[in-house]
Amino acid sequence: MRVKVLSRNPDDYVRETKLDLQRVPRNYDPVLHPFEVAREYVRALNATKLERVFAKPFLSSLDGHRDGVNCMAKHPKSLSTVLSGACDGEVKIWNLTQRKCIRTIQAHEGFVRGMCARFCGTSFFTVGDDKTVKQWKMESPEYGEEEEPIHTILGKTVYTGIDHHWKEPVFATCGHQVDIWDEQRTSPKCSLTWGFDSISSVKFNPIETYLLGSCASDRNIVLYDMRKSTPLKKVILNMRTNTLCWNPMEAFIFTAANEDYNLYTFDMRFLESPVMVHMDHVSAVLDVDYSPTGKEFVSASFDKSIRIFPVDKGHSREVYHTKRMQHVITVKWTSDNKYILCGSDEMNIRLWKANASEKLGVLAPREKAAMNYNQKLKEKFQFHPQIRRIARHRHLPKSIYCQIKEQRIMKEARRRKEMNRRKHSKPGSVPFVPERKKHIVAVVK
Amino acid sequence: MATRTSRRRALRQGAGARRDTRRRFAAVPACGAMAEQEPAAAAAGSDSDSEEGEDGERRHRQLLEAISALSGRKRRKLAERSEASGQVSEFNVSCKGAGEKLLLSELLQPIHPKSTLGSVRKELARVKQKAAVELPLSKEEAKRVVREAAYVTSSKEVGKWQQVVLQNRRAEQLVFPLRQDIATVTPLERVTSAWKARTPLEQEIFGLLHKTQQPITDPLLTPEEMASVQAMSLEEARRRRAELQKARALQSYYEAKARRAKRIKSKKYHRVLKKSRRRQALKEFEQLHKSDPAAALERLEELEQLRMQERMSLKHQNKGKWARSRAIMAKYDLEARKALQEQLARNKELMQKVRVEPPEEEPCEVPEEDTTALPMPSGANPWMLGKPSGLAPEPEAQEGPRDDTVPVAVESKGKMEEEEELSEEEALLQDFEQKRQQRTGNPEGHSKDHGADETETGAEQPRDSPVPPDCAEELGDSPVPPDCAEELGDSPVPPDCAEELGDSPVPPDCAEELGDSPVPPDCAEELVSAGLEPPPQAQEELLLSEQLRRVQTMEDMESLAKEELVEEQEKLVALRPGKRARQQEKARTGDRHTKKAATKRKMISLEAVLDGKPQEMDCSSLPVVLEEEEGGIEQRGMITEAFAGDDVVADFRREKRKAEEAMKPQPVNLVLPGWGEWGGTGLKPSTRKVKRFLIKAPPVPPRKDQHLPHVIMSEKRNIHAAAHQVSKLPFPFERHQQFEQSMRTPLGPTWNTQRAFQKLTAPRVITRAGHIIQPISAEDVPDTAPGSRARLGGEAMPERKAVPRGKAVPKGKAVPRGKAVPRGKAVPKGKAVSSGRAVPGQKAQPRHRRAQ
């Protein structure tokens, strides 16, 4: 007699160690798992809600400066080190993991206008209102050694900005002109001028490193070629550009922070119109920095907030503000794409998460999988009104909120007026000017 | 050297008058040759030049020339006036023939065209060709040109990144940092060597370290450690290691072998093993007996001890728990009986007194015991042994073809006595042979053996079936598994055999099939059920549904669709109807449907006829107006003529009715045929059951367009759900189907395998914590490791065509990135979602009014 019994292979349900997860046999027959869209919709809704619940981007503030923070620089080799220069000429080096100042230098008299680290991370340069360019060691002085710059160059005019070449021992300063310096010499290798006006910032292209971009107070953005020591092209905007930043992953793209509350992303090959106009700020944009992945950038504004824009979107995906944060003068995105640093008028440097609801620390694989799944769900259902409503919701201080409203009204009024004008004039006499073209005055060859 | 140069200078000044003569000399080729020879001589004696007169003068000149030739390039000779003339120009032009007399004959001669004038003409032409040089550009302009040129070249260079940038923008996933470099750990020695103690504390610490001879630099070993390292030589260590390895390997082999042997479940193997062990023991005993009789005696005593123990214990007597349970089972179970007997036999064996006889006899006695294993041939008590010989072949009979087990069982009982007569040896032999042949799968040898057996013993086979021998052989011995053999065996069975099969307890429907139909199709069906490939005919029959009615219009098609529904329900009722019955039924249902459809059609036409006129009268206000005109009637007539074929009104009514029907809730049928009553082909569940299990849907509220004859109002739109639905097509999608498709594909692990889930939810950008992301560089561009720039240069500046229109396409938008539509398509698992579900993503296109 043979008794037939159900027999299963223990390999299918017995786990190898007791730390393993219990194996759950699954039947993927769609009949057994109905309402997939509806269920995923609910999951997406929950994920979106949780994202908003956990969105706490502010990490800490580094205080220690005795005047407004005017400029910052990232350490090219160390993630935990950041440098900042204040309006009283003091330079501080911070350790981000300890959230402490590890070194303080009285670098200049008056403002520290600009600073940059050398590509190897062994030294850094500062320029100040005292018409000097100073090179400092990154390491703190040895025991008994005095805090002194390695080199000091005394110039004729005030330097307003400085940037270091990404590969060679060359740096560029700006003031009345753009000067390219060799590190070993006390006079500039070459001076690039085009017109006479004070240039507020100069930046090296991180990919094609011989290219430079600068913006001057006569509302223009000028590109230079270091090899030929000649300017290339100039684009004049409606208002002054404060700074620009090159995209670290796309050689020909740069973004300019403008006084007219907008940011303009340009393709340097086609300067006739910007690739994208990013508008959301309600006051002058003072600084901009790209994320190292080149997908997003952060901008600091006079309206006491910082915003994160996707490169290909006209509006920001995130706005950060706190009650105590005043006009944000400088902003940096850390090189590991995780954090944002902003220095503001009220002497503090603030550390934010780049992704507001991200969980910090090591994630278990399951956590990671769940996070990815939630992310994809949010992406998938982002167009659904309920989900979008929750995902878009942000709190703003009253001042910004009111200003946004006001500006919306103004914009609408302008639009209406133009429409009326068009309606009551000869067809074709009032042309439609696209938003991208509106802000460009001229391109000078 | 200095003296020579000064002299040369003096000579040049003084020798102005002699210059033309020197020139003449230089023109003579022979002199040139001499001059070439000269330098050697000149080098030898350059101081003997002032001795002779003219000859010396000439030589000196030659020397000078030679020296000037040595210096390489020719010195530009200063043009000097060598003769006096009245006309002196500042360009050293001397008029050669100024003083000469002019001859008339020369004047009379025609001017030679090819003479010196030719060159003059040429020069003139050249001068004419040259345009005037333009004014140099102004500084500003020049700079502008330079800038433009530089801009073009540099933007072209930057444009090399275009491809890379586009690729990265489109990339499904980007992992940063792009270049995964391996972290290098700087050795401690290098770190320490660069570092010097400065503070007093550090110096103190270093002093301590030095004092205790702690190593600071490479190698990081204290002297003691060094000594211990040197204590054992390398070779020795190697040898030891090799030995150890070998030993370990051997041990592992042995262990593996033992494990394998232990795992063998075959009883026979163990029996054989035991036997061999016994033999071994016997051999040893024999040897012992020969070599050392005293030891042999000791062994014998040991055996005696064993016997005593056995006698004292109840171990192998049928008194244990197990034995008692077996005893109960023994009545019904052959195996139990056998086991019991085995145990008894063992008891017997152990209790048997060891005969201390002359040693020659003993060995031959004992092996006999062993070869027969447990069933003991010794004639101690044959009744105690039961009948192991009869039982042994029994399981084989069971293992044979299953279908005829019953007759076997019956017959085997009948043949018990005969089997008992078989000698045990033979039974065993048979057993072994059978088993071996089963293993080797050699049917022929088997049959031969069978034949031999039969002829030799004349006894019947233990596994005898009612099937004729040849057939049985086919059934039993073919290497095909028994059930399959049965299937296959059906067709080639000779008729008599088939009849026999018919007698045997085969499932009735199968028997029916065998009985009434020609073989091939049924066989095919059977094959289908067995999972084999059916012949194409059978498949075609399954695909087609043949009917008497012809389907021509759309309406007919729709009724067909309904029909199919009905058919499906009927299928549920009759799970496996016979083919013929099905066909009949189809014919019947077809008839019924045609009738139904006919009646329906009649009704429709009737309605249309009835309602048609008032409709036209009511709603067509336009034609009324037209009628007032003169040509109105004609026009109307034309229109009616043109649209004579299609009855719009009837169409609309039909549509509305359809919409109404679609909105009606369907009753839920939960009837399970065969539960609580007989089921089978042609049997329908009873009406009582249908009534009980058919759940009627609650009545729906009246339609909004109930009283509006020429309006269809869709009531599909759910206001509560609409708040959650997407009201307009979002940006990157171009058609709503695309969007719906992207919604339809579930992402979660509930619906996808783990692998697919991981793939679907892979993040777009991956960064690593604590890694610095450097800007992209030529080395980062994949698959272009050596000539990366070559790849980058793949595409020069793209033309921007849209610029003049002022509609510059932004780079970001040109490529829909985040939620690109094709992603949804690319997903392998596409599922059709039935439209009835509440799907937030899908939005019914509300079709509110459709007036006539």
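Condition check: at pLDDT below 90 and more than 28 Å from A:Trp333 (Cβ to Cβ). Does A:Glu16 satisfy that? Yes, satisfied. Within the range A:191-207, work out how many residues are within 14 Å of chain B (Cβ to nearest Cβ) and crowded, with 19+ Cβ neighbours inside 10 Å. Looking only at that region, the number is 7.
Would you call A:Tyr13 away from chain B (no Cβ under 13 Å) and farther than 30 Å from B:Leu334 by Cβ?
Yes; evaluated as a whole, the condition is true for this residue.
Criterion applied to A:Val31, A:Val37, A:Val42 was being in a helix (DSSP H, G or I), within 11 Å of chain B (Cβ to nearest Cβ), under 25 Å from B:Glu740 (Cα atoms) and in contact with a helix residue (DSSP H, G or I) (Cβ under 9 Å, 6 or more places away or on another chain), and the one residue passing it is A:Val37. None of A:Ser61, A:Ser80 is of a type in the set (S, T, N, Q) and within 14 Å of chain B (Cβ to nearest Cβ) except A:Ser80. Of note, A:Ala216 satisfies the criterion of being more than 14 Å from the chain's Cα centre (by Cα) and modelled with pLDDT under 95.
If you check B:Ser727 against the conditions, is it exposed (fewer than 14 other Cβ atoms within 10 Å of the Cβ), of a type in the set (S, T, N, Q), in contact (Cβ under 8 Å) with a residue 40 or more places away in the chain and in a loop (DSSP other than H, G, I, E, B)?
yes
Taking the numbered list (1) on the phi < 0 side of the Ramachandran plot; (2) within 14 Å of chain B (Cβ to nearest Cβ); (3) touching a residue at least 40 places away in the same chain (Cβ under 8 Å); (4) over 21 Å from the mean Cα position of the chain (by Cα) in turn, A:Leu237 passes all entries but (2). In this structure, A:Lys411 qualifies as basic (Lys, Arg) and over 19 Å from A:Glu318 (Cα atoms).
Residues being within 19 Å of the chain's Cα centre (by Cα), in contact (Cβ under 8 Å) with a residue 24 or more places away in the chain and over 19 Å from A:Gly314 (Cα atoms) are represented in the range A:285-292 by at least one member. Restricting the range A:96-118 to residues that are hydrophobic (A, V, I, L, M, F, W, C) and buried (at least 19 other Cβ atoms within 10 Å of the Cβ), the residue that is nearest to A:Ile349 (Cα to Cα) is A:Leu96. You will find that of A:Leu351, A:Leu363, A:Leu377, the residue that is touching a Ser or Thr at 6+ places or on another chain (Cβ under 7 Å) and not β-branched (Val, Ile, Thr) is A:Leu351 and no other. Scanning the range A:84-114 for residues that are closer than 17 Å to A:Lys332 by Cα, assigned to a strand (DSSP E or B) and either touching a Phe, Trp or Tyr at 6+ places or on another chain (Cβ under 6 Å) or among the basic types (Lys, Arg) (or both) yields A:Lys92, A:Arg113.
Each row is one residue, and each column tells you yes or no for (1) touching a Phe, Trp or Tyr at 6+ places or on another chain (Cβ under 6 Å); (2) outside any helix (DSSP H, G or I); (3) within 14 Å of chain B (Cβ to nearest Cβ).
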| site | (1), (2), (3) |
| --- | --- |
| A:Lys378 | no, no, yes |
| A:Arg394 | no, yes, no |
| A:Ser399 | no, no, no |
| A:Lys405 | no, no, no |
| A:Ile409 | no, no, no |
| A:Glu412 | no, no, no |
| A:Arg415 | no, no, no |
| A:Glu418 | no, no, no |
| A:Ser425 | no, yes, no |
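Considered as a group, the residues in the range A:429-439 that are within 11 Å of another protein chain (Cβ to nearest Cβ) and either assigned to a loop (DSSP other than H, G, I, E, B) or among the aliphatic types (A, V, I, L, M) (or both) include one that is surrounded by the most Cβ atoms within 10 Å (Cβ to Cβ), and that residue is A:Pro434. Once the range B:143-159 is narrowed to residues that are in contact (Cβ under 8 Å) with a residue 60 or more places away in the chain and within 8 Å of another protein chain (Cβ to nearest Cβ), the residue that is nearest to A:Gly294 (Cα to Cα) is B:Gly159. Taken over the range A:211-267, the criterion of being outside any strand (DSSP E or B) and under 25 Å from A:Phe302 (Cβ atoms) is satisfied by A:Ser217, A:Asp218, A:Arg219, A:Asn238, A:Met239, A:Arg240, A:Asn247, A:Glu259, A:Asp260, A:Tyr261.
Apart from one condition, A:Tyr143 fits all of (1) in contact with a His (Cβ under 9 Å, 6 or more places away or on another chain); (2) modelled with pLDDT under 95; (3) of a type in the set (Ser, Thr, Tyr); the exception is (1). Out of all the residues in the range A:414-422, is one or more of a type outside the set (Asp, Glu) and under 32 Å from the mean Cα position of the chain (by Cα)? Yes, the range A:414-422 has at least one match.
Conditions tested, residue by residue: (1) facing chain A (nearest Cβ under 7 Å); (2) closer than 26 Å to B:Lys160 by Cα; (3) modelled with pLDDT of 85 or more; (4) touching a Pro at 6+ places or on another chain (Cβ under 7 Å).
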| residue | (1), (2), (3), (4) |
| --- | --- |
| B:Leu729 | no, no, yes, no |
| B:Gln741 | no, no, yes, no |
| B:Arg744 | yes, no, yes, no |
| B:Arg755 | no, no, yes, no |
| B:Val765 | yes, yes, yes, no |
| B:Asp780 | no, yes, no, no |
| B:Asp783 | no, yes, no, no |
| B:Gly787 | no, yes, no, no |
| B:Pro798 | no, yes, no, no |
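Evaluated against (1) part of a loop (DSSP other than H, G, I, E, B); (2) surrounded by 16 or more Cβ atoms within 10 Å (Cβ to Cβ), B:Lys331 falls short on exactly one condition, (2).
Inside the range A:243-276, can you point out the residues that are over 12 Å from the mean Cα position of the chain (by Cα) and either away from every other protein chain (no Cβ under 13 Å) or farther than 29 Å from B:Leu178 by Cβ (or both)?
A:Asn258, A:Glu259, A:Asp260, A:Tyr261, A:Asn262, A:Glu272, A:Ser273
Evaluated against (1) within 10 Å of another protein chain (Cβ to nearest Cβ); (2) outside any helix (DSSP H, G or I); (3) modelled with pLDDT of 90 or more, B:Glu734 falls short on exactly one condition, (1). Residues in the range A:139-190 that are among the polar types (S, T, N, Q) and over 26 Å from A:Asp289 (Cα atoms) were compared, and the one that is surrounded by the fewest Cβ atoms within 10 Å (Cβ to Cβ) is A:Gln184.
For the range A:324-361, how many residues meet the condition of being under 14 Å from the mean Cα position of the chain (by Cα), among the hydrophobic types (A, V, I, L, M, F, W, C) and under 19 Å from A:Leu79 (Cα atoms)? The number of residues fulfilling the criteria is 8.
The values are calculated or read from the model by the stated rules, or taken from the named source; none is laboratory data. Because the structure is a prediction, the values reported are computed rather than measured. No Cβ is skipped: glycine too gets one built from the backbone with ideal geometry, and neighbour counts run over all protein chains shown.
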